[in-house]
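Please read the structure below before turning to the comments.
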Amino acid sequence: MASLKELKDRIGSVKSTQKITKAKQMVAAAKLRKAQAAAEAARPYANRLADVMGSLASKVSGDGAPLLLRGTGSDKRHLLVVVNTDKGLCGGLNANIVKEAKKQANELIAEGKDVTFYLVGKKGRAPIKREYPDRIGHHFDTSEVRHIGFKEADAIASDLVERFEKGEFDVAHLVYPIFKSALAQDPTTVQLLPVPSPETVEESDAAVEYEPDEEEILAELLPRYVKTQLFGALLEREASEQGASMTAMDNATRNAGDLIDKLTIKYNRSRQAAITTELIEIIAGAEAL
């Protein structure tokens, strides 16, 4: 049985931990509002850009289409671009992203495809490297960046486009979390390269002439679309991280409070038992005299 000093020290330790988790919860809550606003503001632009690109893509086909649209003509080599966070203490967010990436990888491997990983963020590296040690193609470190912005998305997209044009892979998939709320961040997988053509394109009665032609516009627009997709994924990651962190720290604070209550009850009972034992010894000694 723990002594009174040990119980008192443990209560003090849990109280100190509770202060830390409470502070981190408040910091995450403050950052969440800004991160959520940025993620939500980027979605309409990405959707509109996809619509414009779809309208242009429907007018070109065959060898006239840019490489980023028509692809290499093969789907043997697949690259999974996995976007994880750089910091921990955000619940099961990273575990869920890794789980989604492993699911996609296993399905592609079962189909006989060659799968490699392009890892963005630190927290997803260890479990993926542990299970797929020979399939890590590259990783992009964002841990030293204080505020994630379009510069990082531009660097990642440029690297991926360059590798695609060199023929290092045939298809790239983007695995990242979509922020729904502080309680829900859904990992999802979308095809990044070659840029998928929209399934449906809205027809317009107006005759539109493009200057320059559609191929030239697409050649300029497609890399921007890839950058926009990655920028949106990074913004969704930031919002998801803050939401998951806020929820996790709130749960940790509540659990610490429950543990403090239990330890306090145990401490009081042990203290009362020690007092009662001392009184019995004093009474027994007095009676012996």
Inter-probe distance in nm under a simple model that places probes 7 Å from Cα toward Cβ, at ARG43 and GLU168 = 3.2 nm
Please arrange THR17, THR276, THR228 by counting, for each residue, the other beta carbons lying within 10 Å of its beta carbon, fewest first.
-> THR276, THR17, THR228
Relative to the longest principal Cα axis of the chain, at what angle does helix 214-288 sit, 0 to 90 degrees, rounded to 10?
-> 10 degrees
Determine the dipole magnitude for region 35-246: charges of +1 sit on the beta-carbon of Lys and Arg, -1 on that of Asp and Glu, nothing else is charged, the reference point is the Cα centre, and the result goes in debye to the nearest 20.
-> 1420 debye
Exposed-site-free run, longest, the chain (rule: trypsin sites (Lys or Arg not before Pro); DSSP loop; at most 10 other C-beta within 10 Å) | 1-145
Determine how many Å³ per residue the convex hull of the Cα atoms of the chain encloses.
-> 166 Å³
Taking 7 Å along the Cα-to-C-beta vector as the label spot, tell me the LYS8-LYS22 distance in nanometres, rounded to one decimal.
-> 2.2 nm
In nanometres, the difference between 0.36 nm per residue of separation and the alpha-carbon distance of LYS266 and PHE140 is 40.4 nm
A student applying the Cα gyration tensor rule (rounded when a/c is under 1.5; otherwise prolate if a/b is larger than b/c, oblate if not) would label region 1-132 oblate
Per DSSP H run of at least 4 residues, take -39500 (n - 2.57); add these up for the chain, divide by its residues and hand me the 222 nm value, nearest 500 deg cm²/dmol.
-> -21500 deg cm²/dmol
Neighbour-count ranking for HIS78, HIS138 (other C-beta within 10 angstrom, fewest to most) reads HIS138, HIS78
Say the cut-off is 32 Å between C-alpha atoms; which of LYS180/LYS266; LYS22/LYS123; LYS19/LYS102; LYS15/LYS99; LYS31/LYS113; LYS180/LYS227 go over it?
-> LYS180/LYS266; LYS19/LYS102; LYS15/LYS99; LYS31/LYS113
Quick one: angle between helix 4-57 and the longest Cα principal axis of the chain, in degrees between 0 and 90, rounded to 10, please.
-> 10 degrees
Rank these for me by crowding, HIS139, HIS147, going from fewest to most other beta carbons within 10 Å.
-> HIS147, HIS139
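Laboratory data are not the source of any read-out in this text; all were calculated from the coordinates shown. Everything numeric in this text was worked out from a predicted model, so none of it was measured. Virtual Cβ from ideal backbone geometry, glycine too; neighbours counted across all protein chains shown.
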